[in-house]
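These notes concern the structure reproduced below.
What follows draws every value from the coordinates through simple rules; no lab data is involved. Please read these numbers as outputs of a predicted model, since none were measured by experiment. Note that each Cβ is placed from the backbone with ideal geometry, even for glycine, and that neighbours are counted across all protein chains shown.
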Amino acid sequence: MSSALLPSSRLTSVARWHGVRCLSQLAELPELHQMMRQTCRDYAQKELAPIAAQLDKDHKFPAKQVKELGAMGVMAVEVPESLGGAGMDYLAYCLAVEELSRGCASTGVIVSVNNSLYLGPILKFGTEEQKKQWITPFTTGERVGCFALSEPGNGSDAGAASTLAQQEGDEWVLSGTKAWITNCWDASATVVFATTDKSLKHKGISAFLVPMPHPGLSLGKKEDKLGIRASSTANIILEDCRIPLGNMLGERGMGFKIAMQTLDSGRLGIAAQALGIAQAALDCSADYAHKRTAFGAPIGKLQAIQFKLADMALAIESARLLTWRAAMLRDAKKPFTKEAAMAKLAASEAATFVSHQAIQVLGGMGYVTDMPAERHYRDARITEIYEGTSEIQRLVIANNILKEYQQ
Amino acid sequence: MHRSSEVKHVASYLNTRGCECFGQPCESHCPVLTDRTIHVQLKTFIKIRVKPDRTGVVTDGVKHSMNPFCEIAVEEAIKLKEKKLVKEVVAVSCGPQQVQETIRTALAMGADRGIHVEVSGKDYETLGPLQVSKIFAALAKKEQADLIILGKQAIDDDCNQTGQITAALLDWPQGTFASEMTLEADKLKVVREVDGGLETIKINLPAVVTADLRLNTPRYATLPNIMKAKKKKIANVKPADLGVDVCSRLEVLKVDEPPQRQAGVKVETVDDLVGKLKEAGRV
């Protein structure tokens, strides 16, 4: 591997650590990952794609499918087998979420939130006791968890959390409102971020584990969303919500750090979801290009359509390689924050671009519910917003770049 | 559980030839395959093309996967093992290097080990039920299998012969088109789907069973099982090692697409219909 082949100095150093393994994995996945990807693809094609449109219309949580995915190990990919998970790596998880999202984007986000946002922080910061109590029951698909960070008053400004946690004897008392919580109407537990020391600003935020339902915890109305309608989104209202002291996750004041690290990984799950949506939109367009005839030939013969398909495929493939690389860096326990932000940004912008073009390729058919293109367009839009808006991703990338070039 | 000592293992023959073309009747773009009424909700179709020299269909670049009836066979074998009625499930496939992927899928579903009988190139193109049955019979004797479960037919050639020929070569009883099978003492009760309805038979072991659609619903491999599959062994064997000659006795003269469906004619009255039928010489 000469450095002439590897323009980025960062990539050279990573490759030197692990030899050809890293680069060849970008070129072709290991057999294990290929098998796993194929299994998820088969499941998505047979069990998710046929019902996705109806789930979207009914805003219905796919409980049966979530249980089946739990039995397959997909609801807890990274969790070690000793705790009931599949014990695989993050690259495998990203592949799984992409393939499932290709069938149904809502199912993809349900899987992603459970894996990255709920199980993720508990796996990393939880005590052994907490892991047994809060992880194992959530690996089977019988129960899902959620992640309560955003509030009506702050989304991107996560450090300004106004939800309070006050110690009263041997209990924490939580009060405040959390907003935009994915999975909450179907969840059995949540990771909640609340301020324990207002004066310390973001260093005064701590993380807590709260079972659902629980006295003092109530749910707001289900949001009527543009897309990913089979996954529930609502406010979580905490009023005199009492939990044992042992329910604090990590150390006091560690909450912001836990949230940021969790989101670093979570955004790869969303990148994977966006890739799945984009791929489904491309599938739909390419298929249509073969079948629809105009001006005496299939429209795939027309350069206008060909250029669109090329741009769509390029956007997806580029974002996919970024996602895989970020996942591989994370698996190798290397810093991956910048790469994860790049992956999420690229994938979500690819999803909105590709699904937009897909409607264009399908013309009138792209605008009606008979074809899935309109659903992909609606599903794609949220990927640029949640788990870090595109603007935040740009800030993260820029900060990392400036650090690299520190004078 | 005396069953486990008597039934040594189940060999499941996997057919990896052909495409995943099932769903709606597909004569329109599957020239070699006949009307399919398998109601599996799989929407991806692979367009089958006849080779320009009309000696067969194009297989280059076509994704090969486990024959759906064979998947059902593997699932049944694994279910028997889970019930502790059999000790070991061996998945077998004949073909080129790619079939190892299919064997691994069977291992990921729960089979214990695999056997890959290497047949490639020209031999593979002309490999048919007779040669496969000979290979299979030889393996069954070598492995001392007590039960062979296969898919009833492959969805590429639709021969529906391998199970029957294998049973004949081994002089074993056969339960074909099984929609239900139960081990009862030392006999196998098989419910067969036949044209007239359902037929229940009891056959002695060792036996050959061919799986029909309603026998079971194959499982998806779980992630932990996919990981375990990596460590399971796949043995490599050549037909010659088993004393089998894979030379084909059949010669394919030509392969054609089915004729394009012509538009029908609508008539107003029954008399018109009878008239038209008489014109066409049908009545």
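Brief remarks on what is shown
- For the range A:48-63, the Karplus equation 6.51 cos²θ - 1.76 cosθ + 1.60, evaluated at θ = phi - 60°, returns couplings of 9, 4, x, 9, 4, 5, 5, 4, 5, 4, 8, 6, 9, 5, x, 4 Hz by residue, with Gly and Pro reported as x.
- Spin-label pair A:Gln261/B:Lys141, simplified geometry with 7 Å Cα→Cβ offset, distance in nm: 6.4 nm
- Sequence-distant residues sharing a close amide H with B:Ile115 (under 5 Å, placed H): B:Ala91, B:Val92, B:Ser93, B:Ala235
- Calculated FRET value between A:Ile237 and A:Ala332, using beta carbons and R₀ = 51 Å, to 0.05: 0.80
- Here the translational diffusion coefficient of the protein assembly as shown follows from Stokes-Einstein with Rh set to the Kirkwood radius across Cα pairs; for 20 °C and 1.002 mPa s it amounts to 76 µm²/s.
- Shape of the range A:256-405, Cα gyration tensor, a/c cut at 1.5: prolate
- With R₀ set to 41 Å, the beta-carbon distance separating A:Gln54 from B:Lys228 gives a calculated FRET efficiency near 0.70.
- Our coupling estimate for the range A:391-396, obtained by passing each phi through the Karplus curve with A = 6.51, B = -1.76, C = 1.60 and θ = phi - 60°, is 5, 4, 4, 4, 5, 4 Hz, Gly and Pro reported as x.
- Neighbour-limited loop hits for chymotrypsin sites (Phe, Trp or Tyr not before Pro), the range A:262-333 (at most 13 other Cβ within 10 Å; DSSP other than H, G, I, E, B): A:Phe295
- Counting only other chain Cβ atoms within 10 Å of each residue's Cβ, the peptide B:210-222 averages 2.
- The length gained on full extension between A:Leu302 and A:His290, counted as 0.36 nm times the residue separation minus their Cα-Cα distance, comes to 3.2 nm.
- Amide N proximity, the range B:168-190 versus B:Lys84 label position 7 Å along Cα-to-Cβ, cut-off under 18 Å: B:183-186
- Sites B:Val255 and B:Glu184, calculated FRET efficiency, Cβ-Cβ separation with R0 35 Å, nearest 0.05: 0.20
- Length gained when the stretch A:Leu321-A:Lys201 is fully extended (0.36 nm per residue, less Cα-Cα span): 39.5 nm
- Here each label is just a point 7 Å from Cα along the line to Cβ, and for A:Asn399 and B:Asp157 those points are 6.4 nm apart.
- For the range A:31-144: rounded, prolate or oblate by the Cα gyration tensor [a/c cutoff 1.5]: oblate
- Reachable aspartates and glutamates from A:Lys257, criterion Cα separation under 18 angstrom, eight or more residues apart if same chain: A:Glu151, A:Asp157, A:Asp197, A:Glu387
- What the phi angles of the range B:232-244 give under the Karplus curve with 6.51, -1.76 and 1.60, with θ = phi - 60°, is a coupling list of 6, 8, 10, 7, 9, 9, 10, x, 4, 4, 9, x, 10 Hz, glycine and proline written as x.
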